[in-house]
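Notes for the one structure printed next.
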């Protein structure tokens, strides 16, 4: 036996009570992922959003966070899987989701009571959203659940206990459900496996009055179990574009996913103004 192997065995035996297999490399865990339906996002996430874990999509209004979530649900429901949308602020628009390819027959929409003004009413709707999410995760059977906190102020959503996020993480891992949390900032913290930061870049218009689409910037803020890339100083980022439903001059070819980059010749629908955001 080579001298190096003998020394390794001696060291591991000496420290086995405190550090089992101290010098043996830990086995790599291959995590299951699901495509977002957007090629640029899949490249940033090394294949897609993780299955059985929490992912956060962060951004302000009209930053593309809802469009990204709808694109992901469109992929999941197209596979005949059941998904859920927990709407803490009653801002979800099912017509826009259907225009983005989401099968409403496979989607459970949980509308929570939301009234602006008194903080007690705001916390009531937030509490309903958290309870509904917990029930759906514990019950199982859902491939993806979106917890939409996009219109909840950070000072309110930031008070969600870390124990709740840990409970959600455990339940998502047990039921193999992808939990997407939409918000203005990160709330799940270390309980989230991946975090994506969305930012609007520029609208695409025809003339000065017709809106044809939006271009968004997508940046990976945090991702566990990602490949280590040497020499990387900034988080990887990319851009993607969605277009308006009334741009009929560029039909979507069959089999092509939603929300591709500006280099493709078709455009997917943007969310309707007045309900939620783009």
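Here are a few things to note about the model shown:
- Using a cutoff of 8 angstrom between alpha carbon atoms and counting only pairs six or more residues apart, the relative contact order for the range 97-192 works out to 28 percent.
- Per-residue extension of 0.36 nm, minus the Cα-Cα distance of residue 78 and residue 3, leaves a gain of 21.3 nm for this segment.
- With the simple model of a label 7 Å out from the Cα in the direction of the Cβ, residue 202 to residue 105 spans 4.2 nm.
- With coordinates expressed along the principal axes, the C-alpha atoms belonging to the range 71-114 extend over 32, 18, 15 Å, beginning with the largest.
- The fraction of all Cα pairs in the range 87-197 landing in successive 5 Å bins from 0 to the largest distance is 2, 11, 22, 24, 21, 14, 5, 0, given as whole percents.
No lab work stands behind these numbers, since they all come straight from the coordinates. Here the structure is a predicted model, which means the values were calculated and not measured. Cβ sites come from the backbone with ideal geometry, for glycine too, and all protein chains shown count toward neighbours.
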